[in-house]
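Peer 1: Questions regarding the structure given below will be posed in turn.
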Amino acid sequence: MSTRIRTLSRAGVLLALLLAVLALPAFAAAAGPCTTTCYVDANTGNDANDGDTPATAKKTIQAAVTQVTAGGQVNVAAGTYAEDVTINKAVTVTGADPATTIIDPVNYVSISADNVTIKAIAISAGTHGVRLSKSGSPLANTTFDNVHFKNNANRGIDIVNLLHVTNLQVLNSLFEGNPTGIRMPSNATADGITIDNTTFQNQTGSGFYQANDGSTGWVKNLTVKNSTFTN
């Protein structure tokens, strides 16, 4: 008799547990960290977030660039991003627009990988806006589209020593208040630079400068069209 009661009690407990589990609300599986598209929001984001949606955005551009896979997209909400950013993989970084999405680096945004695009962002008040470099070069297919390089201490775009650049495109952009807009050293080379629908104004030095002090640097296939250089 007592054995049967214990068996029934055990069965009752198991049934109660099963009913309790069935009564729990169903939850969707948690999303993993962003890979192909990552969202960033300086105002509401957190780098501990997965970055998969605007509601779970990361806080810094660097966290999203680090997380996303090569060929991915980083979508940056309006805000000011006081950070240096290192881009060492093919990625497209897109802001809301350059009036409201601003990178304010201590040093610069560093690009050292092929097939990088930056769009609809302002980069201001750094040592440089962007520095292009790549070990072993060449650095290919870098595009700036609707990017404002403003009030950087030295250059809007700085190309490092010995670098060979191919297919650099500067489109629909603005250089203002930098000593130099785009600068190449005398030992860097470039085959294919396009500057289109871009304004250079109020630079304290040159808009585009390729140094020539007896070294081996050169530029060919340079196209400048629909652009303005003033002051």
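The values are calculated or read from the model by the stated rules, or taken from the named source; none is laboratory data. The structure presented is a predicted model; accordingly, all values stated were derived computationally and were not measured. Neighbour counts run over all protein chains shown; Cβ positions are idealised from the backbone, glycine included. Areas reflect the complete protein model, heavy atoms only, side chains present, ligands, DNA and RNA absent. Shrake-Rupley method; radii C 1.70, N 1.55, O 1.52, S 1.80 Å.
Peer 1: Heads up, I need the accessible area for Asp196: 1.4 angstrom probe, whole protein in place, Å², nearest 10.
Peer 2: Accessible area of Asp196: about 40 Å².
Peer 1: Is the shape of segment 40-131 rounded, prolate or oblate, going by the alpha carbon gyration tensor and its root eigenvalues a ≥ b ≥ c, with a/c under 1.5 for rounded and a/b larger than b/c for prolate?
Peer 2: It comes out oblate by the Cα gyration axes.
Peer 1: Placing +1 at every Lys and Arg Cβ and -1 at every Asp and Glu Cβ, with all other atoms neutral, what dipole size does segment 99-231 have around its Cα centre, in debye to the nearest 20?
Peer 2: For this selection, approximately 20 debye.
Peer 1: Let me ask you something else. Can you pull the percent of the chain's accessible area that's carbon plus sulfur, 1.4 Å probe, other chains left in place?
Peer 2: 53
Peer 1: Determine the per residue accessible area of the chain with all protein chains present and a 1.4 angstrom probe, expressed in square angstrom.
Peer 2: 49
Peer 1: Given the Cα-Cα distance of Asp114 and Lys220 and 0.36 nm per residue of separation, how much length would full extension add, in nm?
Peer 2: 36.2 nm
Peer 1: Go ahead and run the numbers for FRET between Ala82 and Asn187, Cβ-Cβ distance against an R0 of 45 Å, rounding to 0.05.
Peer 2: E between Ala82 and Asn187, to the nearest 0.05, is 0.85.
Peer 1: Further question on the same structure: As a check on your grasp of the helix formula, calculate [θ] at 222 nm for the chain: sum -39500 (n - 2.57) over DSSP H runs of n ≥ 4, divide by the residue count, round to the nearest 500.
Peer 2: My calculation for the chain gives -4000 deg cm²/dmol from helical runs alone.
Peer 1: Also, I was wondering about something else. Taking H as built 1.01 Å from N, whose amide H comes closer than 5 Å to the amide H of Val93, not counting residues under 5 places away?
Peer 2: Val74, Thr117, Ile118, Lys119
Peer 1: If you don't mind, there's one more thing I want to ask. Measure off 7 Å from each Cα along the Cα-to-Cβ vector at Ala153 and Thr66, then give the distance between these two points in nanometres to one decimal.
Peer 2: Simple spin-label model gives 2.4 nm for this pair.
Peer 1: Now a separate question. What's the tally of Lys pairs in the chain whose alpha-carbon atoms lie under 20 angstrom apart, where the two lysines are 8 or more places apart or on different chains?
Peer 2: Pairs that pass both the separation and distance tests number 9.
Peer 1: For the chain, give the magnitude of the charge dipole about the Cα centre (Cβ charges: +1 Lys/Arg, -1 Asp/Glu; no others), in debye to the nearest 20.
Peer 2: 820
Peer 1: Apply the Karplus parameterisation 6.51 cos²θ - 1.76 cosθ + 1.60, with θ equal to phi minus 60°, to every residue of segment 50-65 and state each ³J(HN,Hα) to the nearest whole Hz, in sequence, with x for glycine and proline.
Peer 2: Computed from phi, the couplings for segment 50-65 are 6, x, 6, 9, x, 6, 10, 5, 7, 8, 10, 5, 4, 4, 6, 4 Hz.
Peer 1: Let me know the Kirkwood hydrodynamic radius for the chain, please, with Cα pairs as the basis and the value in Å to one decimal.
Peer 2: Answer for the chain: a Kirkwood hydrodynamic radius of 19.7 Å.
Peer 1: What do you get for the angle between helix 2-23 and the principal long axis of the chain? Use alpha-carbon atoms, 0 to 90 degrees, nearest ten.
Peer 2: 30
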